[in-house]
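Report on the structure given below.
The values are calculated or read from the model by the stated rules, or taken from the named source; none is laboratory data. Everything numeric here is computed off the predicted structure, so don't read it as measured data. Here the Cβ is made from the backbone with ideal geometry for all residues, glycine too, and neighbour counts use every protein chain on show.
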């Protein structure tokens, strides 16, 4: 697919978030992109050159829609990349990438700490259904990674910071190991966001971002993106996974995320600052057994995060409480400012316990196997968040 030149590419991320993908509406002169809730678009008079499985021409919304294309321009700009594909969700983007790249007999190396959908895809679906060999490894242990990545490895997939322990993986080092063995590196950058980390600059071949989270930022629309400078493979992903599997984003969700993304850099700056303040407070709080946040000097990934992240360390904190699962549920229910719900990256702070009976719990470092909570910091005043956590802890005698 031919990509429009980004005339704002040399500007800062905050300016790109406002201007890339925008233009005057040709019919009305409006300075806002309209929402086009259309399934079909006018075809050219001469159909002899039309490829009905192509995404080059607006003709049917499964092949792409106008709001999707404008959002793709913006996401590519935020990542300083040549191309982005926007699909229905973060999981749709992950699946589209894996579906396109992998075939029977390929080997995949992926983290033992990863998002649940990645665990399901590789631990169960791709190997059982399609004969893809999948191997879990501790991505923070470079020697273990070297042993796991054999010459037959097709794909190495990492998350950094990872979900849910917020561990930090060395993108540049793993890119080097992968490429030396002829493998492709993909990076899930959702926890960091492009405000804080640009994996393509560190050697990644593909980046995946759940736009549902920080880039949208308002908890009201789902979307996911694949970002890369490999235009040929990106065209294959569009053809194989978007058009012929049908994981396209709706115009309305694309329009919502496009709108939300304009304030993304401002929100991330606030979230970065608040998260560090709250993590420091949690670290000093009695009955808190650990705090995992890359911005803390005490964090084992801190020095690496300082090298490969910019602007800040993201909006997710994992921490532990010296108590059982039921008490943690009661603690979450006592919160008044922080919302007891799944997901992350919203305007409101979100908290979610990781129970000790989770089937993946023994894959995590030992400190995460009891009393483990994942906390996504929102836009509320950090003092109010801290006071809320403090009162809820006291309510459950912690």
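Tabulated data
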| item | result |
| --- | --- |
| Residue within the stretch 143-151 that is modelled with pLDDT under 95, out of contact with any helix residue (DSSP H, G or I) (no Cβ under 6 Å at 6 or more places or on another chain) and surrounded by fewer than 23 Cβ atoms within 10 Å (Cβ to Cβ) present | yes |
| Members of the stretch 290-318 found to be over 19 Å from the mean Cα position of the chain (by Cα) and part of a strand (DSSP E or B), listed by number | 290, 291 |
| Subset tally (residues that are under 20 Å from residue 259 (Cβ atoms) and touching a residue at least 60 places away in the same chain (Cβ under 8 Å)) for the stretch 13-53 | 11 |
| Criterion (closer than 18 Å to residue 163 by Cβ and assigned by TED's automatic domain parsing to the domain that holds residue 277) met by exactly one of 338, 342 | 342 |
| Condition met for residue 333 (closer than 18 Å to residue 213 by Cβ and free of Cβ contacts under 8 Å to residues at least 24 places away in the same chain) | no |
| Every residue from the stretch 319-328 that is under 27 Å from the mean Cα position of the chain (by Cα) and closer than 15 Å to residue 357 by Cβ | 328 |
| Output for the stretch 163-177, where each listed residue is assigned to a helix (DSSP H, G or I) and surrounded by fewer than 24 Cβ atoms within 10 Å (Cβ to Cβ) | 172, 173, 175, 176, 177 |
| Matching option when the condition is assigned to a strand (DSSP E or B) and either buried (at least 18 other Cβ atoms within 10 Å of the Cβ) or under 21 Å from the mean Cα position of the chain (by Cα) (or both), among 375, 368, 331 | 375 |
| Residue identified as under 20 Å from residue 294 (Cβ atoms) and either free of Cβ contacts under 8 Å to residues at least 12 places away in the same chain or outside the structural domain of residue 314 (by TED's automatic domain parsing) (or both) among 211, 155, 198 | 198 |
